[in-house]
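Okay, so here's the structure we're looking at.
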Amino acid sequence: LLAARFYHERIVDHYESPRNVGSLDKTDPRVGTGLVGAPACGDVMKLQMRVGPDGVIEEAVFKTFGCGSAIASSSYTTEWLKGKSLDEAGTIKNSDIAKHLKLPPVKLHCSMLAEDAVKAAIKDYQQKRRELGGEAATA
Ligand code: FES
Ligand code: FES
């Protein structure tokens, strides 16, 4: 309730009803996992995405141990990811997340965590595909 007075309603909404909380099997070759931490505050975010045969992200989930802004950022980001290609997903910018949620300046690093998590998940996915030797969903 206190938060509602200081934070924009979009943050509060994502914080109180976070979308896509959960885990995917990280050994699944279609799944990319990003696990990142914020040195500033010690918060940790795990973000996972499953990529369909057409290279489009069909599922995105997260688990965040952190503040409301970090939870809201991951919730919004997983919503945003669904239906995007990996290339599109790679263009994610923390400033867009922050703008959408209207994060206050001191909370910008929380949205940075979401950007880092997405990039780490993409990297993990691509590395898996390489290890599997070709037949990647994306070139
Ligand atoms: Fe990270 Fe809020 S400072 S939990
Ligand atoms: Fe550190 Fe939000 S205060 S992620």
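Numbers at a glance
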{"read-out": "Surrounding net charge for Glu59, when Lys and Arg each add one and Asp and Glu each subtract one, Cβ distance under 10 Å", "value": "+2"}
{"read-out": "Relative contact order (percent, whole number), region 1-113, Cα cutoff 8 Å, 6+ residue spacing", "value": "28 percent"}
{"read-out": "Mean ellipticity per residue at 222 nm, deg cm²/dmol - from DSSP H runs of n ≥ 4 across the chain, formula -39500 (n - 2.57)", "value": "-14000 deg cm²/dmol"}
{"read-out": "Residues Thr64, Thr77, sorted so that the one with the fewest Cβ neighbours within 10 Å comes first", "value": "Thr64, Thr77"}
{"read-out": "Total lysine pairs under 13 Å (Cα atoms) in the chain, excluding pairs fewer than 8 apart on one chain", "value": "6"}
{"read-out": "For the chain, average projected area of the Cα convex hull in nm²", "value": "7.9 nm²"}
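Here, each number is a calculation from the coordinates, and none is a lab measurement. Computed from a predicted model, the values in this text were never measured in an experiment. Positions of Cβ are generated from backbone atoms using ideal geometry, with glycine treated the same way; all protein chains shown enter the neighbour counts.
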